[in-house]
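Since the structure comes first, as structure tokens, the remarks are kept for the end.
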Amino acid sequence: MGFLFLFVLTQVGGGAPKKQEITIQLIEFAFKPNRITLTKGVPVELKLSNKGSVTHEFMVYAPPKAGMSMEELEKWAEEKSYFKGVEVTVEGAGIEVVGKDIFEVEIEKGKSVEIKFTPIKAGTFEIGCHLPGHYEAGMKGTMVVK
Ligand SMILES: [Cu+2]
């Protein structure tokens with residue numbers, strides 16, 4: 001019995017990393033870094049820190065088609081959200097939300113939130129802030145899940 005107990009403790013406390021912790025800063029008008037790579041199936045704690053002087057938002061969605069208008073892109077980002085059907089927890093800046101239909105997270109200037117989820121779909125996705133003028137000014141990035 002003693003041996004079994006120790007074995008269980010070792011499994012919980014050690015071994016391979018069981019989560020991926022990444023921080024992205026949001027500024028005018030960029031995500032830093034603007035490219036992140038995640039491992040499928042390993043829980044992610046993604047900290048979003050708004051270091052800018054205005055509110056920014058974070059969305060992740062399938063790569064848009066060439067020539068989409070911002071209006072089309074907005075609809076696309078919602079429909080093709082990476083988080084569609086994925087349980088996501090958003091914590092911080094006085095809020096805690098758990099949901100399967102989260103597609104955008106807004107972060108006020110100076111605030112940070114943490115998004116927790118487990119990536120289940122592999123591929124390359126776009127990160128974007130669609131607040132007026134931000135995306136056009138270059139506020140986008142790439143999320144790769146391998
Ligand atoms: Cu922005």
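The values are calculated or read from the model by the stated rules, or taken from the named source; none is laboratory data. Keep in mind it's a predicted model, so treat the numbers as computed, not measured. FYI the Cβ positions are ideal-geometry reconstructions off the backbone, even for glycines, and counts take in every protein chain you see.
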If you check VAL98 against the conditions, is it away from the ligand (no atom under 16 Å from the Cβ), within 18 Å of GLY123 (Cα to Cα) and among the β-branched types (Val, Ile, Thr)? no
Expected single match for within 16 Å of the ligand (Cβ to nearest atom) and at positive phi among GLY67, GLY92, GLY110 is GLY110
What do you reckon, is GLU104 in contact (Cβ under 8 Å) with a residue 24 or more places away in the chain, away from the ligand (no atom under 16 Å from the Cβ) and in contact with an Asp or Glu (Cβ under 8 Å, 6 or more places away or on another chain)? no
Among residues of the range 1-40 being in a loop (DSSP other than H, G, I, E, B) and at pLDDT below 95, the residue farthest from the chain's Cα centre (by Cα) is MET1
Given (1) of a type outside the set (A, V, I, L, M); (2) surrounded by fewer than 18 Cβ atoms within 10 Å (Cβ to Cβ); (3) at negative phi; (4) more than 16 Å from the ligand (Cβ to nearest atom), PRO132 misses just (4)
Of the residues in the range 41-86, those that are in a strand (DSSP E or B) and among the acidic types (Asp, Glu) number 2
